[in-house]
Amino acid sequence: MVNQERLVNEFLELVQIDSHSSKEGAVAKVLKQKLEALGLEAYIDGAGEKIGGETGNLIGRLKGTTEGTPILFSCHMDTVKPGEGVKPVIKDGVIYSDGTTILGGDNKAGIAAVLEGIKVIKENDIPHGDIEVVFSIWEEGGLFGAKNLEYDKINAKYGFVLDSGGSPGEIITTGPCQDKVNVKIYGKPAHAGVAPEEGVSAIMIAARAIDNMKLLRIDEETTANIGVITGGEATNIVTPLVEIKAEARSADEKKLEAQSKHMVEAFEKAAEELGGKAEVDVERMYGAFHIDAEDEIVLKAKEAFKALNIESYTKVSGGGSDTNILNGNGIKSINLGIGEKKPHTLEEHISIEDLVNSSRVVAEIAKTFAG
């Protein structure tokens with residue numbers, strides 16, 4: 001039922017529309033027209049005005065043909081850099097970029113699958129309850145679109161986010177909470193050759209703190225990372241200021257709180273020992289979500305996969321997504337694998353087979369919830 005040629009062409013069209021985070025205006029305009037052409041009511045919310053983007057989240061609604069459970073399909077419109085001037089290439093049934101940019105399958109593959117799935121539903125008169133669509137802005141780097149979505153416009157009970165790297169059949173039922181840890185370490189400048197003993201090196205403070213810190217894989221549920229370190233101007237100056245951007249994640253909120261506290265204490269202790277000062281700000285970026293394997297949304301998803309002869313399985317993810325935010329706002333949601341491979345790299349690619357199967361999954365899930 002999926003029109004593969006149409007699906008691939010639409011995906012190729014979408015990835016060639018530049019849409020870095022906060023710059024999604026052009027693709028939102030195109031997608032709004034596409035939703036309206038499919039008979040959906042389409043609306044741009046005010047999220048863009050709140051966070052300084054070109055456009056808001058795109059919300060669509062297709063009225064049901066039955067009294068089935070209203071459901072939501074969600075994807076994000078933005079891409080990471082370098083994502084301007086994408087030139088897609090098809091080789092042996094797989095779609096790549098030309099190697100100078102990312103492809104943008106993260107997350108335009110999900111968008112293409114949702115559009116094709118709705119076309120399949122309409123062309124084949126597949127019964128369905130109300131179907132809502134959210135194409136969010138600025139997911140990369142902070143989930144800002146989902147955080148500022150106008151939830152009073154959403155009626156869906158369950159949500160399906162099409163934004164995971166596993167092939168169709170993967171069901172993400174657990175995602176972590178995350179803290180951002182932003183640090184400013186203050187030392188004291190001095191001439192490094194004439195009077196180094198008069199200075200306090202912010203770099204030394206940072207080094208001691210990090211050396212005493214538990215990082216990377218903490219346990220099966222918890223990770224932490226120092227991502228960015230900046231500071232210093234010249235080799236002959238004892239560095240007075242270092243800025244650090246770090247993070248911690250865990251599927252267990254108490255473990256996350258403990259890890260973040262440990263990182264804060266390591267910075268503060270090192271600064272005290274070496275005569276400097278550490279200012280540490282911890283910001284909770286999003287909460288965790290846990291969906292039971294026997295919950296209706298999981299069982300219905302597995303039912304849809306079984307009908308399509310696609311093997312399904314549940315999985316715990318270490319990554320955050322709009323799924324976290326939807327769950328936090330009362331829409332029980334899971335993240336589905338759509339085959340995004342090597343996202344955020346110049347080697348990003350997706351197979352046409354996974355695109356097709358993701359479209360089939362959208363249509364089958366809608367049918368499963370038709371009642």
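Give me the distance between the Cα centres of the stretch 309-344 and the stretch 146-178, rounded to whole Å. Their Cα centres are 6 Å away from one another. Checking every one of the trypsin sites (Lys or Arg not before Pro) in the stretch 171-216 against DSSP loop status and a limit of 16 other Cβ atoms within 10 Å picks out 214.
Could you check what % of the DSSP bridge pairs in the chain are antiparallel, to the nearest 5? Among the beta bridges of the chain, antiparallel pairing accounts for roughly 70 percent. Summarising the amide proton neighbourhood of residue 285: residues at separation of 5 or more, or on other chains, whose placed amide H is nearer than 5 Å comprise 178, 179, 180. Distance from the alpha carbon centroid of the stretch 200-275 to that of the stretch 62-133 works out to 39 angstrom. Close amide H partners of residue 20, meaning residues 5 or more places away or on another chain with modelled amide H under 5 Å apart, are 79. Cβ crowding within 10 Å ranks 364, 67 as 67, 364, fewest other Cβ atoms first. The 3J(HN,Hα) values that the Karplus relation (6.51, -1.76, 1.60; θ = phi - 60°) gives for the stretch 169-178 are, in residue order, x, 6, 10, 7, 10, 9, x, x, 8, 9 Hz. Gly and Pro appear as x. In the chain, helices alone account for a calculated mean residue ellipticity at 222 nm of -10000 deg cm²/dmol, with every DSSP H run of four or more residues adding -39,500 (n - 2.57).
Using the scaling law 2.2 N^0.38 Å as the reference, what is the normalised Cα Rg of the stretch 177-286?
Details: Rg = 15.0 Å, N = 110, 2.2 N^0.38 = 13.1 Å.
Output field value: 1.14.
Annotation: peptides 263-272, 191-200, 139-148, ranked by per-residue average of other Cβ atoms within 10 Å with the highest first, follow the order 139-148, 263-272, 191-200. This model, with +1 at the C-beta of Lys and Arg and -1 at the C-beta of Asp and Glu, gives the chain a dipole about its Cα centre of some 200 debye.
Would you mind ranking 76, 349 by Cβ crowding within 10 Å, fewest neighbours first? Before the final figure, lay out the partial values.
On the way: 76 29, 349 19.
With the fewest neighbours first, 76, 349 line up as 349, 76.
Measure up 184/341; 50/315; 32/87 against 25 Å on the Cα-Cα distance and list the ones that go over. Where the Cα-Cα span goes over 25 Å, the pairs concerned are 184/341; 50/315. Counted by neighbouring Cβ atoms within 10 Å, the residues 177, 75 run from fewest to most as 177, 75. For the residue pairs 29/367; 81/180; 180/269; 34/306; 261/342, the alpha carbons lie more than 26 Å apart in 29/367; 34/306; 261/342.
How big is Rg to Rh over the chain, alpha-carbon atoms, Rh as the Kirkwood inverse-mean-distance radius? Write down the numbers at each step before the final one.
On the way: Rg = 23.2 Å, Rh = 22.0 Å.
On the Cα set of the chain, Rg over Rh gives 1.05.
Bear in mind these aren't lab numbers, they're just calculated from the coordinates by the rules spelled out. It should be emphasised that the depicted structure is a prediction, and the values quoted were computed from it without experimental measurement. Using ideal geometry, Cβ is built from the backbone for each residue, glycine included, and neighbour counts are taken over all protein chains shown.
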